[in-house]
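The values are calculated or read from the model by the stated rules, or taken from the named source; none is laboratory data. Quantities reported herein were computed from a predicted structural model and do not represent experimental measurements. Reconstructed Cβ throughout: ideal geometry from the backbone, glycine too, with neighbour counts over all protein chains shown. The area values use the complete protein model at the heavy-atom level, side chains included, leaving out ligands, DNA and RNA. Shrake-Rupley method; radii C 1.70, N 1.55, O 1.52, S 1.80 Å.
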Amino acid sequence: MHKIIEKTYLQDIVVRMVFEAPEIARKRKAGQFVVLMIDDKGERIPLTIVDSDSEKGTLTIIFQIVGKTTTCLAQLSAGDYIKHVLGPLGHPTEVENFGTSVCVGGGVGVGVVYPIAAALKKKGNKVISIIGARTKDILILEEEMGKVSDKLLVATDDGSYGFHGFVSAVLQNLIDSGEKIDRVFAIGPVPMMRVICNVTKPYNIKTIVSLNPIMVDATGMCGACRVSVGGRTKFGCVDGPEFDGHEVDFGLLMTRLRMYCDQEKQSMDMCRCGENGK
Amino acid sequence: MENKEEKAEKKEKKEKIPRQAMPEQDPKARIGNFDEVPYGYSEEVAMLEAKRCIQCKKPGCIPGCPVDVDIPGFIKLIAEGKFIEAAWKLKETNALPAVCGRVCPQEDQCEKVCILGKKGDPVAVGRLERFAADYERATGKIEIPKVAAPTGKKIAIVGAGPAGLTIAGDLVKVGHDVTVFEALHKAGGVLIYGIPEFRLPKAIVDAEVDYLEKLGVKIVFNAAIGRLKTVDDLFAEGFHAVFLGVGAGAPVFMNVPGENISGIYSANEYLTRSNLMKAYLFPKYDTPIVKGKNVAVIGGGNVAMDSVRTALRLGADNAYIIYRRSKKEMPARIEEVHHAEEEGVQFNFLTNPIEYIGDENGWVKQMVCNRMELGEPDDSGRRRPIVIKGSEFTIDVDIVVVAIGTTANPVIPRTTPGLDVNKWGYIVTKDGTGETTRMGVYAGGDIVTGSATVILAMGAGRQAAKAIDEYVRSL
Ligand SMILES: Cc1cc2nc3c(=O)[nH]c(=O)nc-3n(C[C@H](O)[C@H](O)[C@H](O)COP(=O)(O)OP(=O)(O)OC[C@H]3O[C@@H](n4cnc5c(N)ncnc54)[C@H](O)[C@@H]3O)c2cc1C
Ligand SMILES: Cc1cc2nc3c(=O)[nH]c(=O)nc-3n(C[C@H](O)[C@H](O)[C@H](O)COP(=O)(O)OP(=O)(O)OC[C@H]3O[C@@H](n4cnc5c(N)ncnc54)[C@H](O)[C@@H]3O)c2cc1C
Ligand code: SF4
Ligand code: FES
């Protein structure tokens, strides 16, 4: 049982949650994730560890409400419990002083890229961050990202704040301006990651993406998380979640993510939120 | 002393009682539910069956049992109506009789070498074992033996499958402080995530785990060793010895074109969704599973049978087994194949998939197969399947389950310096003790042998328990 310490809405459908998991808090590194189950009837869902406090023994997650489990999780408040938390899972991000690293985050992906940007900064990289959202109101973590970046660029699809357009256009402008970029980390919706990879590929800038395939155990036991990288099958949970973006078959990832569309709708219709976590 | 004639007469009399059948759910009804298929013996039938055993002086059955259960001993107690005592007798050597009575391949073990089997049908050892264990559980008269005085030695068991649970029970009884670390949120290993409810009700596994906890075994769930902590960390925390019973859990795929498109599952995923996550009760439970209309399961072992019978129960119109050899070579238990046939599973022998074709949404719609013929025997002694040239044909499917085997998960070896593995990634141990190449680290079960059986994993747990006990006492 993992006690929830804090819950805040970063915006309408994005929640930041801090809960107890002392052993994981001590071990985790940037880029790793947990799998949680709200209760014994719940689904196992993977969420990135955004931050941790080894003294307080807590983890921070940021999630977007997209379906049944995230809706139920958002209903819980400080003092409630999450039944099962497994982690830290996946390979930590390879963090070195690459020189200039660009961290691109889209939507809730900003939460996922944040710990990576922080770790890169700590290692001495020049960190340029590009964060984006559909519109100003749903942009998250602007202040936090500013603190760990040498330069922060913001884009909104509708132009309500910062650059008018996609984060990929901001990255292209940055490249065109002559900025020498050694590595790019791109995390966000699959189409965004795909476009970023298309931008960096002609310049041969190594681009790391964090994939979000559907998972069950997340220990390498089931293969639900299969992704195709460089023409070879990899398990997202144990071989990833980060891969060389230029090698990833994004189309396959997108179709696999749609496998349970019908069931997910049905599940939402029968939501038993409120029974949980007390 | 009986004279020879009397003995022969006694034998003849016993042989007249036929081997007692176990009543079962009707095949048509049972494919509509996940309840257990056989109902088990009644007290009367169990006593009748038990009386068939001629209590051999030199029983064939005991050497046939990997853990040396006193088979005539427990059967005699059943014949005398001492059912609880029979269960206790079983538990002297077998920690999980209710499980073994259901899933052991008795036809290849004790029953294969039962003296009565030479002329007629062997004693139904498995069914009697199940009966005694179920009787004990039903009456609730579960004896919790007194454990020995604390030895002050701490032992970590990694993995709560049959190997880990067995060794945990053995070591706690002799007074050690035992903690089991399990990666999943439930204990039981394959018993809980792999083998379906209709073959092994999960309440039985839960009861066995509960019993171990009452004995004083501590189980830490959601603890993936190699991730949360390493084997070295466990020693640093003060554990005196570590047992690795992590199974051979990584699924194997065939690496044929199209194998990653939607609708294609590994058996591990399919069964885990259905059993561990209870997707067959979706949406009461949150985890979904796609219920196909035309489901093809690739493989011929127990795992394939469990998958294909699950598919039927989830509502498939056509459930196929696709197996590259013939019926004779199938490694599945006879009982499983028989049940699958009764339930309407369609067997495609000498057939091998070579490609999957998706529809416009990337969902599997067809599999392309080759027809095979059998050639010379291979290393396993079974005849090698050979492709018949130009025999390609397609089968329409909307779900495929790949059940061609599992292999070792590399997480623990990779994070444990000094732990040797063989070329397949299985941990190398000294025969009969489970000792690995790393001091204080022992291993047993599927992670040493590759996919085997529940009883062999339990036997390995028991042997390692002896070795660990000696080792920690010598420290
Ligand atoms: C390594 C990893 C890290 C992730 N980190 C974050 C994060 O930090 N913040 C965040 O908001 N989201 C994250 N995700 C995605 C998150 O796991 C899904 O949004 C969540 O599982 C949706 O569950 P649901 O029941 O609310 O929605 P559902 O209605 O069940 O599903 C909505 C969509 O989410 C995806 N999804 C569903 N079930 C799973 C599952 N078991 N595993 C993975 N994806 C699934 C599918 O594409 C589905 O169409 C991460 C995913 C992975 C694999
Ligand atoms: C579908 C199916 C049907 C079967 N049917 C039969 C049958 O009818 N009869 C029969 O005798 N055998 C059968 N078997 C084989 C039998 O189940 C196995 O041989 C047996 O379970 C092996 O036991 P084990 O303890 O070695 O490992 P497992 O049962 O695999 O248990 C290993 C446990 O370790 C955990 N684990 C793994 N890695 C870690 C880690 N890093 N940290 C912590 N925990 C970890 C796993 O989650 C799991 O709980 C079947 C197998 C399958 C898959
Ligand atoms: S071999 Fe058969 S008849 Fe003889 S003791 Fe064993 S079960 Fe009984
Ligand atoms: S989620 Fe099961 S193997 Fe990756």
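So here's what we get for this one:
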| read-out | value |
| --- | --- |
| Region B:275-313: trypsin sites (Lys or Arg not before Pro) falling in loop per DSSP and having at most 14 other Cβ within 10 Å | B:Lys284, B:Lys293 |
| Nearest-0.05 FRET efficiency for B:Lys28 and B:Thr394, computed from C-beta distance (R0 22 Å) | 0.15 |
| Those GluC sites (Glu not before Pro) in region B:367-469 that DSSP places in a loop and that have at most 13 other beta carbons within 10 Å | B:Glu392 |
| Accessible surface, 1.4 Å probe, highest first, among residues B:Trp88, B:Trp363, B:Trp424 | B:Trp424, B:Trp88, B:Trp363 |
| Residue (of B:Val368, B:Ala340, A:Ile49) at the positive-pole extreme of the protein assembly as shown, dipole from beta-carbon charges | B:Ala340 |
| Per residue, the convex hull volume that the Cα atoms of the protein assembly as shown enclose (Å³) | 180 Å³ |
| Cβ-defined net charge surrounding B:Gly249, 11 Å radius [Lys, Arg +1; Asp, Glu -1] | -2 |
| Length-normalised contact order of region A:211-261 in % [C-alpha pairs under 8 Å, at least 6 apart] | 35 percent |
| DSSP beta bridges in chain B [antiparallel fraction, %, rounded to 5] | 40 percent |
| Cut-off under 5 Å, modelled amide H: who pairs with B:Val397 long-range | B:Gln366, B:Met367 |
| Angle in degrees between helix A:190-200 and the longest Cα principal axis of chain A, rounded to the nearest 10 | 20 degrees |
| In sequence order, calculated HN-Hα J values of region B:295-308 (Karplus, 6.51, -1.76, 1.60; Hz; x Gly/Pro) | 10, 10, 10, 8, x, x, x, 4, 5, 5, 4, 4, 5, 6 |
| Stretch gain in nm, segment A:Asp40-A:Glu179, where the contour uses 0.36 nm per residue and the Cα spacing is subtracted | 45.0 nm |
| Computed FRET value (nearest 0.05) for A:Asp137 with A:Arg232, which takes r as the C-beta separation and R₀ as 51 Å | 0.80 |
| Region A:2-89, dipole about Cα centre (Lys/Arg Cβ +1, Asp/Glu Cβ -1), debye to the nearest 20 | 200 debye |
| Computed helical MRE - 222 nm, chain A, DSSP H runs ≥ 4 contributing -39500 (n - 2.57), nearest 500 | -7500 deg cm²/dmol |
| Under-5 Å amide H pairs with A:Leu10, H placed in peptide plane, nonlocal only | A:Val15, A:Arg16 |
| Total charge dipole magnitude, region A:92-205, about the Cα centre, Cβ charges on Lys, Arg, Asp, Glu only, Debye to nearest 20 | 260 debye |
| Virtual spin-label span in nm between B:Asn422 and B:Lys146, 7 Å along Cα→Cβ | 4.4 nm |
| Karplus (6.51, -1.76, 1.60) ³J(HN,Hα), θ = phi - 60°, over region B:75-83, in Hz, Gly and Pro reported as x | 5, 4, 4, 5, 4, 8, x, 8, 5 |
| Gain on full stretching of the segment that runs from B:Ser380 to B:Lys327 - 0.36 nm per residue minus C-alpha separation | 17.5 nm |
| For region A:220-264 versus region A:91-121, the gap between their alpha-carbon centres in whole angstrom | 21 Å |
| Exercise: per-residue mean of other protein chain Cβ atoms within 10 Å, B:271-277 | 3 |
| For region B:109-186 and region B:223-250, distance of Cα centres in Å | 22 Å |
| Low-density loop positions, GluC sites (Glu not before Pro), region B:140-203 - DSSP coil, at most 14 other Cβ in 10 Å | B:Glu143 |
| Under 18 Å between alpha carbons - lysine pairs in region B:176-292 that sit 8 or more apart or on different chains | 8 |
| Hits among lysines - C-alpha to C-alpha of B:Lys118 under 19 Å, sequence gap 8 or more where chains match | B:Lys7, B:Lys10, B:Lys11, B:Lys13, B:Lys14, B:Lys16, B:Lys51, B:Lys57, B:Lys58 |
| Debye, to nearest 20: dipole size of chain B, +1 on Lys, Arg Cβ, -1 on Asp, Glu Cβ | 780 debye |
| Nearby lysines by direct alpha-carbon distance to A:Lys123 (threshold 19 angstrom, same-chain neighbours under 8 apart not counted) | A:Lys27, A:Lys29, A:Lys147, A:Lys151, A:Lys180, A:Lys206 |
| Inter-site label distance for A:Glu94 and A:Met254 at 7 Å from Cα along Cβ, in nm | 2.7 nm |
| Mean separation of Cα contacts under 8 Å, 6 or more apart, over the residue count of chain A: relative contact order % | 17 percent |
| Distance from region B:317-391 to region A:1-52 (C-alpha centre basis), Å | 43 Å |
| Sites A:Met1 and A:Met268, calculated FRET efficiency, Cβ-Cβ separation with R0 22 Å, nearest 0.05 | 0.30 |
| Percent of beta bridges antiparallel (DSSP, chain A, rounded to nearest 5) | 60 percent |
| For region B:208-216, Karplus couplings with θ = phi - 60° (6.51, -1.76, 1.60), whole Hz, Gly/Pro x | 5, 5, 4, 4, 5, 5, 5, 5, x |
| Interchain or long-range residues, amide H under 5 Å from B:Ser391's placed H | B:Arg371 |
